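What follows is one structure encoded as structure tokens, with my remarks underneath.
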Amino acid sequence: MSTGTLTPRRPGLRRGRDSYWQLLRAEWTKFRTVRGWVIGMIVAALVMVLIGLFAAGSAHIGCGGGPGNSPALSGAACLPHVPTGPGGEAVTDSFYFVRQPLAGNGSITVRITALTGQYGGGGGPAIPGSALSDMHRGIQPWSKAGIIIADSTKQGSAYAAMMVTGSHGVAMQDDYTQDIAGLPGTVSAASPRWLRLTRSGDTVTGYDSADGTGWTRVGTAHLAGLSATVQVGLLATSPSYMHLTPFFGGSSGQVGPSLATGVFDHVSLSGGRPGGAWTGDNVGNSDAYGSQTSRVETFRQAGGRFTVTGSGDIAPDVTGPASGVPTATIENHLVGTFAGLIAVVVVAAMFMTAEYRRGLIRTTLAATPRRGRVLAAKAFVIGLVAFVTGLVAAAVAVPIGIRLDRGEGQYVLPVTLLTEVRVLAGTAALLAVAAVFAVAVGTMLRRSAAAVAAVIVVIVLPYILGVAGLLPEGAGEWLLRLSPAAAFAIQQSMPQYPQVANVYTPANGYFPLAPWAGFAVLCGYAALALGAAFFLLRRRDA
Amino acid sequence: MEPTTIEVNDLHKRFGPTVALDGMSFTVMPGQVTGFIGPNGAGKSTTMRVILGLDGADAGRAMIGGRPYRSLQHPLSHVGSLLDAAALQPSRRARNHLLWLAHSQGLTARRVDEVIEQAGLETAARRKAGGYSLGMRQRLGIAAAMLGDPPVLMLDEPFNGLDPEGIVWMRGFLRSLAAEGRAVLVSSHLMSELQDTADHLVIVGRGKVIADTSTAALLAAASGDRVTLRTTAQEEATTVLSHAGATVAVTDGNTLMVSGLAAGHVVTVLGDNAVPFSEVSAHRATLEEAYMELTRDAAEFRAAAPGGSSPWASSGVESGEAGR
């Protein structure tokens, strides 16, 4: 072989000022030139999409009971009509409404002396002489009786209400999601509650009083675009009875309809037509009691005393046992995230550990003696690749999954665009930060199997244990607070409402930490690991 | 090209209880090939890793052109190195291996193709590095070392795995690099590999330098003033030469090793005494012998490093036809 070709030439240097950019480019070249890693990321996206869509395809909903036990209808024909509130969220809006119109500004004041209830489906003796068989006496924690100013009787209308509740004292609620506590304690003839609502333009202010003399302002609701003429009156409603016990992998128990009856007197209306008549409306046409419904959900007026009985709730719709109709959330189609995460973690860890295994780390560090920058570039490149992988997978799985759901007759709880973006981009960010975490752990441990196992044990395992409900009550929640798996909260699209009784467990899609707080936990772990990796990489011999 | 040196100054390093470097000091000058020779475990690779800033020394300094390696920006333009030819991601194509290295230095793909041509890897550049023979990996490593067209090259055991043609190529390549004014440091545990390549030798054992000398001076010192004498009249020759002040040793049947007299003087003495002889020649030592000479007294070293002495023994067999 000749050495004639070895005449030196100054190589074509293309020296940017920014050598960090060159480093990023080098690490990107490293990543894209190992086919197995690229395939690994594609596999991650595919398993996320496939598992997410399988979750949609597994719902089979029938309705409209036909002859025998087989449903007459199925699929899209069964898609329930769910009202949405002023904020666009799905709501439950069923109550008995004793009302009359109110033109312009005005105010309503009542005294409530009793709130009682009955429910079906639970244990205990049935009520003798009741219109309904198999009902038991008892009030639900969020049974409601009170006064309301509503834009109209249409479901999902803007409203503000003052109410006494089963076990949460007096509350002012408006537009389904807002809840402000008033006087505590339960209502009785000996301890009645006075409630007042005053409308002034778009503003409705609520007051409560124990004696009708000394009044306390509870809160003020701003109902944008409230009609000039609104409906004002008395309400009674009661959400489903629920008795649930956590059970291996979920919960089991009894759920049944319930009724609440409120007794009102000293009803006074100012600003309305004098002597206006009261009309009873079953808003939401609850037919929980079939042909008996119109007999049990009704009101009686005797002198100045009103007895109003209703069933249902005025509240945001939720997913879980408290939901009136079968509902799905957008994040149902991201259940494959944990599987995609495993693939991403394997690739990310190997992106670093393969260099140690082959001794290539010496070539890398001889080319770039500033070791911290090498780690930063590696973390950035793999984080960006993981982010794009997660974003593509989520942006495919969620819209297609929602479409499949609707085809199956499964109602998907609507969310705002901002929430949807947070869930999709958050899923991508979850994969990205987990990938950075894996690179850092790979740098510390220098062995692929150990690094992959460590990251999966601290992220995926707590997630599965927590979400599958395999741990004792509370333990799963703590895992999802303290472990990096807390970051899966970023996928939760539906908030947890204290004013809606429900089973708010990870198994039902409710995480113990707020979305960004949970994500911050993972970021904290990744930052700590990265710090340790920086320290060790700089200190150790390569 | 800016002439650049490697200066290694009193390096000390321990790995746990093992002393790897024990006061290693030498300088690699530009324009020549410096052989870095010693048995396995003598500290050659550790020294090279310390020079590259990969391992930290417990004491002492290593400088490239007066600067520590870690302070160099785009270091591959200052020092090209090949530490371990097997350090490759097997599933990455050879050209892509060079490409990421080039990108890390702000170099272009055009430069990658140039060094591929220099290393003679044109036909194999698009194959996966995992399928490369050791010889091809050495060439790939050389290509990587040449990427930045550096004034200093540092190669650890570059002859390993090369076929005879590859060895000839490598020797020519190293000589041409030195001829261009580069400082070239080449380690080997086989003296024979460097016989016709190295201008200067740094011989090490147990973490320090045993000899730091030009190849010519080492050979001269080892050869001494010994003369090889071929004669059938051994006894007479021994007698007259001893009288003349020489020391005579019998090497085999009819060959004597004479020291203490120059070759011309030996011929005069033999002629004066009418002792017949067929050949008188000034002895030329091989590097192998020079090494043996150098370490003959280092019994402690040889006894304490049995693992290190075996490659020397085997190379002695290969090149042992000369001399004795």
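The values are calculated or read from the model by the stated rules, or taken from the named source; none is laboratory data. Just so it is clear, the structure is predicted and the values come from calculations on it, not from any experiment. Every residue, glycine as well, gets a Cβ built from its backbone with ideal geometry; the counts of neighbours run over all protein chains shown. Only protein heavy atoms, including side chains, enter the accessible area calculation; ligands, DNA and RNA are left aside. Shrake-Rupley method; radii C 1.70, N 1.55, O 1.52, S 1.80 Å.
When only the Cβ of Lys, Arg, Asp and Glu is charged (+1, +1, -1, -1), the dipole of the range A:91-316 relative to its Cα centre reaches about 500 debye. Shown are A:VAL392, A:VAL374, whose ranking by accessible area with a 1.4 Å probe and every protein chain present, most to least, is A:VAL392, A:VAL374. R0 = 45 Å: FRET efficiency of B:ARG126 with B:ARG61, Cβ-based, nearest 0.05? It comes out at approximately 0.60.
Ranked by the mean number of other Cβ atoms within 10 Å of their residues, highest first, the peptides A:185-191, A:220-226 fall in the order A:220-226, A:185-191.
The label point for A:ALA517 and the one for A:SER200, both projected 7 Å from the Cα toward the Cβ, are 3.6 nm apart. Each part reduced to its alpha carbon centroid, the range A:301-376 and the range B:1-59 end up 51 Å apart. Only lysines eight or more places from B:LYS44 in sequence, or on another chain, were considered; those with a Cα closer than 25 Å are B:LYS13, B:LYS208.
Peptide A:33-40 has a mean shielding of 3, counted as Cβ atoms of other protein chains within 10 Å of each residue's Cβ. Simple spin-label estimate for A:LEU417 and B:SER259 gives 9.5 nm between the two label positions (7 Å along the Cα-to-Cβ direction from each Cα). Within chain B, which DSSP H helices have Cα atoms that stretch 20 Å or more along the helix axis and a mean Kyte-Doolittle hydropathy of at least -1.0? The answer, listed by residue number, is B:164-179. Here each label is just a point 7 Å from Cα along the line to Cβ, and for A:LEU384 and B:ALA220 those points are 6.0 nm apart. Peptide A:22-32 shows a mean partner chain C-beta count of 5 within 10 Å per residue C-beta.
Would you mind getting me the FRET efficiency between A:ALA302 and A:ASN105? Use the beta-carbon distance for r and R0 = 22 Å, nearest 0.05. Here the calculated transfer efficiency is 0.15. Averaging the Cα positions of each part gives two centres, and for the range A:24-44 and the range A:381-424 these lie 24 Å apart.
Bridgeable aspartates and glutamates around A:LYS30 (alpha carbons under 15 Å apart, same-chain partners fewer than 8 residues away excluded): A:GLU355.
Of the DSSP H helices in chain A, those that are both long (alpha-carbon extent of 15 Å or more along the helix axis) and hydrophobic (Kyte-Doolittle mean at least 0.0) are A:35-57, A:337-358, A:371-407, A:417-445, A:448-467, A:515-539. Per-residue Karplus couplings for the range A:210-221, computed as 6.51 cos²θ - 1.76 cosθ + 1.60 with θ equal to phi - 60°, are listed in order as 8, 9, x, 10, x, 10, 10, 6, 8, x, 10, 10 Hz, Gly and Pro entered as x. For A:ILE139, the accessible surface of its heavy atoms amounts to roughly 60 Å² (probe 1.4 Å, protein chains only, rounded to the nearest 10). Compute the separation of the alpha-carbon centres of the range A:189-227 and the range B:188-265 and state it in Å as a whole number. With the range A:189-227 and the range B:188-265 each reduced to a Cα centre, they are spaced 115 Å. Listed peptides B:6-17, B:42-53, B:106-117 appear in the order B:42-53, B:106-117, B:6-17 once ranked by packing, highest mean of other Cβ atoms within 10 Å at the front. The calculated FRET efficiency for A:ARG539 paired with A:ARG217, based on their beta-carbon distance and R0 = 60 Å, is about 0.45.
Taken about its Cα centre, chain A carries a charge dipole of about 3320 debye when Lys and Arg each add +1 at the Cβ and Asp and Glu each add -1 at the Cβ. Ordered by 1.4 Å accessible area with all protein chains kept, B:THR215, B:THR247 run largest first as B:THR247, B:THR215.
Which value in deg cm²/dmol, rounded to the nearest 500, describes the helix-derived mean residue ellipticity at 222 nm for chain B, given -39,500 (n - 2.57) per DSSP H run of n ≥ 4 and division by the residue count? That calculation yields -10500 deg cm²/dmol at 222 nm. Neighbouring Cβ atoms from other chains, within 10 Å of the Cβ of residues in B:79-91, number 4 on average.
Take A:LEU384: with every protein chain present and a 1.4 Å probe, its accessible area is about 90 Å². Only protein heavy atoms count here; on that basis, with a 1.4 Å probe, A:TRP194 has an accessible area of about 40 Å².
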